[in-house]
Structure formats: C-alpha cells, structure tokens
Amino acid sequence: MSEGDEVRGNLLYGPQPDVAGASGYPDAPPRMGFFTDTSVCIGCKACEVACKEWNAIPEDGLELTGMSYDNTQSLGADTWRHVAFIEQRKPFGGQEPGVAHEDVDVFAAAARLGTDAASPGPGATAPPPGPAPEGAPAGQISPLSPDGRTELRWLMASDVCKHCTHAACLDVCPTGALFRTEFGTVVVQEDVCNGCGYCVPACPYGVIDQRKDDGRVWKCTLCYDRLGVGMEPACAKSCPTDSIQFGPLEELRERARDRVAQLRAAGVTDARLYGENPEDGVGGDGAFFLLLDDPEVYGLPPDPVVTTRDLPDMWRHAALAAASLAALALGGFLRRPR
Amino acid sequence: MSESDVTRHGVQGTRPGREAPTGTRAGRRRRRRGRGEQPMVPDATFSSYYGKPVLNKPTWKPLDIAGYLYLGGLAGASSLLAAGGQVTGRPGLAAPAKLGAAGAISLSLAALVHDLGRPARFLNMLRVLKPTSPMSVGSWLLAGYAPLTLTAAATEVAGRWRLLGSAATAASAVLGPAVATYTAVLLSDTAVPAWHEGYRELPFVFAGSAATAASGLALAAAPTAEAGPARRTAVLGAALELGAFRTMKRRMGLPAESFDQGRPHLLLRAAELLTAGGAALALFGGRDRRLALASGAALLTGSAALRFGVFHAGVASAEDPAYTVVPQRERLAARGR
Ligand code: SF4
Ligand code: SF4
C-alpha cells in the first residue's frame, strides 16, 4: 500500500487515531465517548428520560408494543437513547443463589437459625441447590433450576448514536450540517440542515432520522452543550448503575477490556465488546458496548461497514457508465453501412 | 424451533405454548412465487430484535425521488440526442430533445426541492462542495447543467442566438451522461442493502434506462425520417439496462430477493416488458408513425417503472433485518470469526 492510499484510506475507512485532528482541529481535547456496559443495565430508562429532558425532545407517542417492556422500540429523531429489552431462556452467566455475599457471616447466621423468627436466614430465600438435573454436563450451569423452573434471563441495553470514527451520515451530508466536533463526536447543526434526508439511510446502525413535522434530522449530540462546559452527558449522569460510562475513549476502552476479562472469569462467557475495535468497518465507535449476546439480538448490525468505504469505486463505476452512455449514443448516430 | 412470532398484533403462527423459546425469531418464511427466479441463497435463520429493522428506512417520498432519478436520466440522455441531432443535421430530432432535457431537468429539480424537509433552505445544497457526498456533487452538477439545457432550449424556441445555443447544447451533452449516472451513486452510497450491494452495476442500469427514456421521447416527438439514431439508441440502451440489471441481481446475493417480491417485483417486471417491447417496436416498427408513438410511450413508461421499482426494492430491503444481518453474518463467518 502506498502512502497516498493510506492517507485516503484513513479518510474514508480504516483506523484513525486522531479523528478531531483529521477534521482540522490542531489542538483537540482527547476523543470522548460512551462505554455502555449492558451487563449491569437494569432497564430503568433513566437515560431515555434524562436525554429527553435535557435536550427538550418532543414526546413521540406513548404506546405499548406488546412485544416487551420496550415502548420506544428503536432509535430515531425523538429517541436518542433507547433501552432494548430482551427475554431469553438462557442462564445469565454464573447465576447462582447466594454468591457474592462475602460480607455475610454465614456461621453467625446459621447459629441464629430457628431461634430468630424475624431473620429466617439465607436458607429460606435461597434453597440450597440440589443435584444438577439429568442432562446437565458436569461442572456447567444447568439449563434448569433445581426446582424444575426454566432458566430465564433479561438482557437490557441502552443504545445510542455510535459517533463513528468514519461516520456515513457525516460523509454524505451535502450541506455540511453534520460536523465533527473537537471531542471527535458527530453533531447536526440544526440551523443548516435542509432535511434532504440523505443521512438517514446512510447510517449503518439506523440511528439518525427525520422529525416529520419539523423536516430536519435529529440524533444524539453526546450532549455537545454539556461537554463544552466540562459536564458529562445527561444519560451517563442519570444512569444509576453506571451502565453508561462517559470519558476519554482510550480510558473507556481499557476499562472495557478489564470488565470483559472480569466477567469471563466469573463465568459469563457470553460477554463481548461491540464497536470498540478501531479495525472494524467504521473505524471503531465513539460509543461502544459490552454485550451478552450477538449484536443482532439487540438490533445492532453484526458487521457494519461505512458505505463511503466503497465510494471511490462507486464513482469509478459511474464514470465508466457515463462513458458507456456517451458511446452508446454515439453508436446510435453512426450510419449503418449500406 | 418456534413457528410463531410475537408482534404488536399478537402471536402469529403456531402457538408453542410453554415451550416458547424467547428472544429469538425463527428465520423468515420465504414468500416464493410460482414463476420467476429461484432463490440463490439458502434459507437463513438469524436473530433480530423482535424482527424490527436494523436500519432506518429512507424518508424520501417515492414520487419525488424516484421521479427525480427518472427525469434526471431522461434529461441527461436527451442532451446527447440533442447534440447528435444538431451535429448530424437532424433539427427535427434535436429540437424535442433540447426541450425534453430542459423540461425534465426543471421538473427533477422541483421534485428534489419538494422532497426537502426544509425546502426554503435548498440553497444550502451549494453551501459546500463535498466529494464524499454524491448529493453535494450532484447539486453542483445540476447547478451547471440545468442553465445549459435551459439556454439550449430557449435559443431553440426563440430561433435566435444560434451560436450560443450550439455551445450550450454541446456543453450540456458533456455533462448529460454524468447527470444520468450519478444518481446511481446517490442510491448506492447508503447502507440500504439492495442499493449498496449493487453499486457496480447500478450506474449501468441507470445509463441504459436513461438512454431508453430519451430515445422514447425522441421516437414519440421527432419525425420518423430523422428518428433513426433514437431507434438504435433505444435498442442499445435496452440491452444495457436489462443486461446490467440481471448481472446486478445475480451478483448481489440475498438482498436481490427484494427485487422479486411485492410491488418492486411488479414494477420491475413491467419495466422489463415495456423496455424490451418498446425496443423491439423501435427496431422492427420501421417508419410507421403510430408504431413509433407506441414504442416511445412504452420506453418512457418502462424507464419510469424501473426507477420506481429500484426505489421501492431498496426501501423494502432496509425494512427487513434479514438483508442487513444475514449478509454481515456470512461476511464474519467468511473471515473466520
Ligand atoms: S451511528 Fe449513524 S448517526 Fe451516529 S455517527 Fe455513526 S453513522 Fe452517524
Ligand atoms: S438531512 Fe440535514 S444533516 Fe442529513 S444529510 Fe441532509 S442536510 Fe445533512
């Protein structure tokens, strides 16, 4: 690969360690982003509410979908944080009754057993696990709980604009309404957008959308206004479990790697990071996730690629086609040999 | 595997009762038609979030944007016929082609502005020039091309300033092919599976479709004695359009299905028949005026049906998560992850 290729590749595709610098900010602050750790999300939707409140996003219908507790359904012009809600018949990692209560003195509790009616002891709320039912491989989590109930887990995940390193929405915007901020985030300038709608189908994650009665497009700004004065975005601020973590992207990536290792060690082998890899199809997401199942289960594309990666090739093919059209018309005017 | 889907309209399909596995959706049930092409990819099972689309579908109004694609093609290729007619001394062919180009491009601009969420801000299109945005490049292209066609048409009508008119005709013929094909890049440069995956062939489909539309107009409007080039262009254009479209569908993989289902299928079938029929009429109709009119009408309608078919197929492919998830899964599997 020649040097020119590399430069061009990094404009449209590939790793880009200095997004703000490449967009013309000489002394940019570190790139900021979100790490959404879905393993601790409790689906409270505080982020959705805080986002709506802070950004004054209009109400967009209070309907129950009947599919789950999720009544917002997807990201869009009026939903910049969306909590996905998935019910599965799978055990949640090393889900066992009575673990992680190191601070409980079991001997003291046992000594009180039967003597203190107000404190029935741990045995009353969590019956001791019986032998694994037949069919469960030794040493593995059983698909059935001891009393024969089916295992069940709820996955909750707060989705948001990914603030892509190579953002298709930004690349295709004809007016320059979408721009890269000094924090490396992607923001719409509402006084410039003319509502052409090009960014909507360009986004590989289905994030940005048009507000019908307004005509313009809207999406998460990563609270550009709050960042500017050194505050964290409203959703991260409101998240009671720190499922949404905000900070310099490099730091978040490190923290995320540690967290995955920790979860895996604890038996949650499903844990994986999504969007943290600068080598992926969009050059890495500014907002990335820790997921407990395949991305598509959460409504995320498994291998998104920024559409403009292929743009040089598209222009080449269009130029060839234009030349063929001219040649074809020329052919039409050539006299047939008599 | 469960045979039911839980949608907002309730449970559909066989109720699996207490055995219902949650969180996964069984793969799609293929809607197969009796005739038509056989699926090229085996049935795939995939997970999705309650069957909801991954992408946000285009917000464009079909009449505006498919119409914009069609009229842009009609105008661009008409400019070529206008210049050819002028150079080879066929004023009867050049005149309607010039008027057609000017009319079509004006309407297409009107459709584009009408589709904007904020039409009053249409001039923001010329606020920057971004090579990464086909819509920006297209806007600048049209800003150069539209005045040229209008000048060519105005001098034709006025019968004066011949030199200026010739120069404008020649210049619009230079930009015309780009106007006709850039719209393919406009569609392909999105995450919409049926548009993006066809980016190699779609410009050729649009080039052929533009040629058939423009020759259709010329066949209908020009005296038959001068319409020879239009007849030949119609046949060549139809061959290019139909050939490139087949290649595109063959190479596209799973998203190609969206061309063969529902409304896009009907539109594209009609487009195929009208274009092929119109070209055959042009070829064998000789100098019969009525046959030329019929052929012209068929070609014009066929080209329009193609643009609407491609437009609706893209929207359908964005609405079904299968076309986003399955090809990406296959890509990951091929990379060995
Ligand atoms: S996720 Fe979509 S809207 Fe957000 S930056 Fe990436 S392309 Fe743009
Ligand atoms: S709708 Fe607005 S932000 Fe989106 S591409 Fe058009 S001008 Fe840019």
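The values are calculated or read from the model by the stated rules, or taken from the named source; none is laboratory data. Fair warning: this is a prediction, and the values are worked out from it, not measured in the lab. Because the Cβ atoms are built from the backbone with ideal geometry, glycine has one as well, and the counts that use them run over all protein chains shown. Just the protein is used for accessible areas: all its heavy atoms, side chains included, with ligands, DNA and RNA removed. Shrake-Rupley method; radii C 1.70, N 1.55, O 1.52, S 1.80 Å.
Here the Gaussian network model covers chain B, with springs between Cα atoms less than 10 Å apart; of B:A211, B:A256, B:A191, B:A191 fluctuates the most. Using the Cβ-Cβ distance between B:A158 and A:D313 with R0 set to 41 Å, the FRET efficiency from 1/(1 + (r/R0)^6) comes to roughly 0.40. Mean-square fluctuation check for chain B, GNM, Cα pairs under 10 Å: which of B:M135, B:M252, B:M125 is largest? Evaluated over chain B, the most mobile residue of the options is B:M125.
Less than 12 Å Cβ to Cβ from B:A292, Lys/Arg counted +1 and Asp/Glu -1: what total charge do the surrounding residues give? After counting each charged neighbour, the total is +2. Of A:L12, B:L293, the residue with the largest accessible area leads and the full order is B:L293, A:L12 (1.4 Å probe). Highest mean first, the peptides A:77-83, A:176-182, B:231-237, A:246-252 sorted by other C-beta atoms within 10 Å per residue fall in the order B:231-237, A:77-83, A:176-182, A:246-252.
For the residues B:T247, B:T45, B:T301, a GNM of chain B with alpha-carbon springs under 10 Å puts the largest fluctuation on B:T45.
At 7 Å along Cα-to-Cβ for each site, give me the label-to-label distance between A:T269 and B:R290 in nm. Distance between label points: 7.8 nm. Other residues with beta-carbon under 13 Å from the beta-carbon of A:R226 carry, at +1 per Lys or Arg and -1 per Asp or Glu, a net charge of -2.
Note down the net charge around A:V192, summing +1 for each Lys or Arg and -1 for each Asp or Glu among other residues with Cβ under 15 Å from its Cβ. With Lys, Arg at +1 and Asp, Glu at -1, the net is +4. Angle of helix B:91-115 to the longest C-alpha principal axis of chain B, folded into 0 to 90 degrees and rounded to 10: 40°. Highest mean packing comes first when the peptides B:220-227, A:303-310 are listed by Cβ atoms within 10 Å, giving A:303-310, B:220-227. Inter-chain Cβ neighbour count for B:71-80, averaged per residue, equals 2 (cutoff 10 Å, partner chain atoms only). Only Cα sites of the range A:153-308 enter the Debye sum here, all with the same form factor; the resulting log10 I(q)/I(0) across q = 0.08, 0.09, 0.14 1/Å is -0.24, -0.31, -0.74, listed in q order.
Dividing the summed helix terms, -39500 (n - 2.57) for each DSSP H run of n ≥ 4, by the number of residues in chain B produces a 222 nm estimate of -23000 deg cm²/dmol to the nearest 500.
With a 1.4 Å probe and all protein chains kept in place, how do B:R290, B:R331 rank by accessible area, largest first?
Values: B:R290 185, B:R331 80 Å².
Result of the area sort, largest leading: B:R290, B:R331.
With the simple spin-label model, which puts each label point 7 Å out from Cα in the Cβ direction, the A:D213 to A:Y25 separation comes to 3.4 nm.
Short-range pairs are left out: with C-alpha atoms under 8 Å and at least six residues apart, the relative contact order of the range B:79-124 is 26 percent. Between the residues B:L306, B:L291, B:Y323, the greatest Cα displacement towards the positive end of the dipole of the range B:283-332, with unit charges on the Cβ of Lys, Arg, Asp and Glu, is found for B:L291. Counting only other chain Cβ atoms within 10 Å of each residue's Cβ, the peptide B:226-238 averages 3. Between the range B:188-252 and the range B:310-325, what is the separation of their alpha carbon centroids in Å? Going from one Cα centre to the other spans 22 Å. Computed from the Kirkwood radius of its Cα pairs, the Stokes-Einstein diffusion coefficient for the range B:58-320 at 4 °C and 1.567 mPa s stands at 71 µm²/s. This model, with +1 at the C-beta of Lys and Arg and -1 at the C-beta of Asp and Glu, gives the range B:58-320 a dipole about its Cα centre of some 560 debye. Mean separation of Cα pairs under 8 Å and 6 or more residues apart, divided by the residue count, gives chain B a relative contact order of 21 percent.
For the peptide B:170-176, the mean number of other protein chain Cβ atoms found within 10 angstrom of a residue's Cβ is 1.
Of the cross-linked pairs B:K98/B:K249; A:K45/B:K130; A:K90/A:K219; A:K162/B:K57; A:K45/B:K57, those separated by over 29 Å at the C-alpha level are B:K98/B:K249; A:K45/B:K130; A:K90/A:K219.
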